[in-house]
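The values are calculated or read from the model by the stated rules, or taken from the named source; none is laboratory data. Computed from a predicted structure; not experimentally measured. Reconstructed Cβ throughout: ideal geometry from the backbone, glycine too, with neighbour counts over all protein chains shown.
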Amino acid sequence: MTLKLAQKVAVITGGSTGIGLAMAKRFVKEGATVYLTGRRQAELDMAVGAIDGTVEGVRVDSADPAQLQALFDRIKARHGKLDVLVANAGGGSMLPMGQITEAHFDDTFSRNVKGTLFTVQAALPLLGNGSSVILTGSTAGSSGTEAFSVYAASKAAVRAFARNWILDLKGRGIRINTLSPGPTKTPGLVELVGNDPAQQQGLLDHLASQIPMGRVGDPDEIAKAAVFLASDDASFVNGIELFVDGGIAQI
Ligand SMILES: NC(=O)c1ccc[n+]([C@@H]2O[C@H](COP(=O)([O-])OP(=O)(O)OC[C@H]3O[C@@H](n4cnc5c(N)ncnc54)[C@H](OP(=O)(O)O)[C@@H]3O)[C@@H](O)[C@H]2O)c1
């Protein structure tokens with residue numbers, strides 16, 4: 001059987017837990033050499049320990065362009081190229097209109113918008129013909145969720161980046177797509193309601209009841225779609241938003 005990502009070098013930001021970690025596992029299984037990032041060293045170490053294959057964890061805050069530059073300098077020195085970039089680091093918290101603070105806005109937009117922009121820009125010199133950039137969006141970017149407007153706006157910005165960057169990079173053979181998960185069982189999702197397992201289960205049950213498939217997603221289901229977008233199977237797929245969401249964005 002041919003591996004879908006054989007010989008490819010991939011960076012997955014925010015790869016230490018949740019969706020990014022599931023992607024890293026799949027990418028390695030498909031033959032890629034994977035660099036995964038995150039801010040917490042302990043989570044990075046655990047992620048690397050959970051993956052059998054060519055993977056390395058690098059502590060990088062995606063909101064800091066200097067740290068991103070150092071990451072891509074290292075990849076340039078080692079490989080001279082990058083085939084797959086997943087700008088996945090991100091997340092948010094909940095505050096309703098009327099209570100939104102500057103710190104809430106800055107944190108959300110730094111992680112999701114500033115981080116995505118400067119991740120892709122710093123990687124650009126390493127991306128050549130046939131490379132794939134995947135931006136992690138969200139169904140929240142195209143619908144309404146109570147107390148989640150800042151996060152939703154940040155993910156709408158991510159989706160807009162992909163539409164526009166395919167024009168800026170026209171002719172270079174770099175594909176850029178947005179992968180938008182629906183509610184997916186990860187630490188980032190359940191911790192939106194704190195650390196109480198009963199409240200976390202309540203959130204998952206509530207979300208599942210709104211999804212046409214009647215359940216929330218598993219991170220590996222998002223990872224499988226990422227393998228497709230990263231691979232040469234998606235050689236003419238460019239600028240799309242691929243929803244992997246049990247149908248919630250379509251109703
Ligand atoms: N789960 C869902 O239902 C869902 C739905 C739609 C979209 N998404 C999106 O999917 C992506 C992954 O989320 P997840 O649910 O898997 O959450 P998660 O389990 O909290 O994972 C987030 C990852 O990103 C890292 N991270 C966060 N901010 C970072 C920063 N500034 N620099 C570097 N790394 C950073 C985290 O590690 P550190 O905290 O150690 O940095 C962690 O590795 C996010 O972009 C999220 O918005 C999730």
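Descriptive notes on the structure:
- For region 161-214, the tally of residues that are within 14 Å of the ligand (Cβ to nearest atom), in a loop (DSSP other than H, G, I, E, B) and of a type in the set (D, E, K, R) stands at 1.
- Comparison of R163, R215, R159, R175 shows that the only residue that is surrounded by 13 or more Cβ atoms within 10 Å (Cβ to Cβ), of a type in the set (K, R) and out of contact with any helix residue (DSSP H, G or I) (no Cβ under 9 Å at 6 or more places or on another chain) is R163.
- Across region 1-36, the qualifying residues are those that are within 17 Å of P219 (Cα to Cα) and not in a helix (DSSP H, G or I), and the one among them that is farthest from the ligand (Cβ to nearest atom) is E30.
- Condition check for R74: more than 15 Å from the ligand (Cβ to nearest atom), touching a strand residue (DSSP E or B) at 6+ places or on another chain (Cβ under 8 Å) and part of a helix (DSSP H, G or I): yes
- Residue within region 60-83 that is over 30 Å from S149 (Cβ atoms) and within 14 Å of the chain's Cα centre (by Cα) present: no
- Residue check, S110 surrounded by fewer than 22 Cβ atoms within 10 Å (Cβ to Cβ), within 23 Å of I248 (Cβ to Cβ) and within 15 Å of the ligand (Cβ to nearest atom): no
- Total residues in region 166-198, condition over 22 Å from A152 (Cα atoms) and not assigned by TED's automatic domain parsing to the domain that holds P96: 4
- Breaking point among (1) within 14 Å of the ligand (Cβ to nearest atom); (2) buried (at least 19 other Cβ atoms within 10 Å of the Cβ), for M46: (2)
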